[in-house]
Amino acid sequence: MRKAPVVMVVLALAACHGAPPAPPLTEAQSAARRPADAHLAALYDGSCRACHTTRDSGAPLSGDHAQWDARWAKGAPALLQSAVAGYNKMPAGGQCATCTAHDYEALIRFMADQQN
């Protein structure tokens with residue numbers, strides 16, 4: 001029986017494709033997330049949470065890499081522009097009348113789970 005070499009080849013080939021994609025979050029997992037910063041948490045609760053924790057809204061769920069990674073790859077400036085100008089069902093400004101560009105950037109980073 002020479003199964004060990006076959007298993008090694010299969011494992012080596014699997015490694016070439018990188019890590020498997022992160023599983024999608026549930027709405028409950030997304031809703032459980034909250035920014036640590038009190039100012040951002042208040043903005044998030046008042047402007048982002050309603051849509052970004054409900055799959056039926058069409059918005060990417062907060063913290064869900066399966067939905068955010070391709071968006072994040074477009075770059076932070078493109079995501080900021082979408083938040084400010086509006087995108088698809090999201091109204092201009094994302095319903096945050098008091099958000100600054102810095103606030104939007106921090107909120108997008110939080111929702112995309114790109115806080116490092």
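List the pairs whose first member sits in segment 63-84 and is more than 13 Å from L107 (Cβ to Cβ), whose second member is in a helix (DSSP H, G or I), and whose Cβ atoms are under 7 Å apart, counting only residues at least 6 apart or on separate chains?
Once the first residue is more than 13 Å from L107 (Cβ to Cβ) and sits in segment 63-84, its partners that are in a helix (DSSP H, G or I) give D64/S30; R71/L79.
Per-residue answers, yes or no, for (1) assigned to a helix (DSSP H, G or I); (2) at pLDDT 95 or above; (3) under 19 Å from E27 (Cβ atoms):
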| residue | (1), (2), (3) |
| --- | --- |
| R49 | yes, yes, yes |
| S62 | no, yes, yes |
| Q81 | yes, yes, no |
| F110 | yes, yes, yes |
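What number of residues within segment 96-108 are part of a helix (DSSP H, G or I) and in contact with an Asp or Glu (Cβ under 8 Å, 6 or more places away or on another chain)? Give the steps one after another, and end with the answer.
Initially, segment 96-108 is screened for residues part of a helix (DSSP H, G or I), giving 101-108.
After this cut, where a residue has to be in contact with an Asp or Glu (Cβ under 8 Å, 6 or more places away or on another chain) as well, the list is 106.
Here the count works out to 1.
Can you find even one residue in segment 71-79 that is touching a helix residue (DSSP H, G or I) at 6+ places or on another chain (Cβ under 8 Å), at pLDDT below 95 and more than 18 Å from S30 (Cβ to Cβ)?
Looking for residues that are touching a helix residue (DSSP H, G or I) at 6+ places or on another chain (Cβ under 8 Å), at pLDDT below 95 and more than 18 Å from S30 (Cβ to Cβ), one finds at least one in segment 71-79, hence yes.
Please enumerate the residues belonging to segment 28-57 that are loosely packed, with under 14 Cβ neighbours inside 10 Å, among the aliphatic types (A, V, I, L, M) and closer than 20 Å to A97 by Cα.
Correct list: A38, A42, A50.
The values are calculated or read from the model by the stated rules, or taken from the named source; none is laboratory data. Note that this is a predicted model, so its numbers are computed, not measured. Don't worry about glycine lacking a Cβ; one is built from the backbone with ideal geometry, like all the others, and counts go over all protein chains shown.
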